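First the structure, in the form of structure tokens, and then the observations on it.
The values are calculated or read from the model by the stated rules, or taken from the named source; none is laboratory data. The shown structure was predicted, so the numbers you read here are calculated from the model rather than taken from an experiment. Remember, those area values only see protein heavy atoms, side chains included, never the ligands or the DNA or RNA. Shrake-Rupley method; radii C 1.70, N 1.55, O 1.52, S 1.80 Å.
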Amino acid sequence: STAFLNPSAAPRLFEQSVSVSREANDGAFVADALNGLGISHYLAGNYRSATTSLLEGVASSRESGNAATLTIGLAVLGYCLALQGRLARAQTCLRESLVTARRLRDRVFEAQSLFSLGLIDALRGEPTRAEALLEESIDIARESSPLMVAFALLTHGLARYVAGDVEGSQVRLEEALALARTMALPWVTSWSLASLGNVALMSGKLAEARQQ
């Protein structure tokens, strides 16, 4: 989608989409456009703006009864909230998105819900549970979406970094970086490189860190 492949242009385009959808009074398209706007803000690192748009998208999905856009909105909102340290609320969103994704047999957002829940477990100091969820998410992502595989690998690397597993983190981040470069995903590439730099610093490899 535009948000993943061209994140710099995405917010403006999704804002136009939201406006047009609201003028047409089409709740399902409004929810979809708000989800896209939230994702584009999230990829740009604007987590507050992302949260605002995603919350509006979730509300619109509930109002229109669109389970597909609700699943997407909740899954991305949960990940965004987790990155802001709002773990309890993030977990509530992600548990709901996991249930709805499985009901809809949406393997893409089942994978995202799982690796996001795994990240929360890692942040809460529960690495064993985190590993199980993250490994499961990667297996599911491999069946459904190469883009989601890159996202899952990146998140797994971050979770291992949080848990203090430097070598394991580096393995996953390098896998994410290789896949992101193959797929031309600038945001995954950038995040993977920055994370690898942090891992190198954590392990005392200053020369390697400067290269990331």
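Over all directions, what mean area does the Cα convex hull of segment 94-154 project, stated in square nanometres? Average of the hull's projected areas for segment 94-154 equals 3.6 nm². Between helix 166-183 and the chain, what is the angle of the helix's C-alpha long axis to the longest principal axis, kept within 0 to 90° and rounded to the nearest 10? Between helix and principal axis, roughly 50 degrees. Take Leu98: with every protein chain present and a 1.4 Å probe, its accessible area is about 20 Å².
Rolling a 1.4 Å probe over the protein heavy atoms of the chain, with every protein chain left in place, gives an accessible area that is 52 percent carbon and sulfur.
Given the alternatives (1) 16.6, 48; (2) 20.2, 64; (3) 16.9, 57, Rg and Dmax of the Cα atoms in Å as computed for this entry is given by (3). Straightening the chain between Tyr47 and Ala178 buys 44.6 nm, computed as 0.36 nm per residue apart minus the Cα-Cα spacing. Roughly what angle does helix 87-104 make with the longest principal axis of the chain, taking Cα atoms, 0 to 90 degrees, to the nearest 10? That works out to roughly 70 degrees.
Across the chain, the relative contact order, built from alpha-carbon pairs under 8 Å that are at least six residues apart, equals 12 percent. Protein heavy-atom accessible surface, 1.4 Å probe, per residue over segment 1-141: 45 Å². For the chain, set up a GNM with springs between Cα atoms under 10 Å and report which of Ala194, Ala24, Ala75 has the largest fluctuation. Result: Ala24 has the largest fluctuation of those listed.
Between Leu134, Leu193, Leu43, the residue with the greatest mean-square fluctuation in the GNM of the chain (Cα pairs under 10 Å linked by springs) is Leu193.
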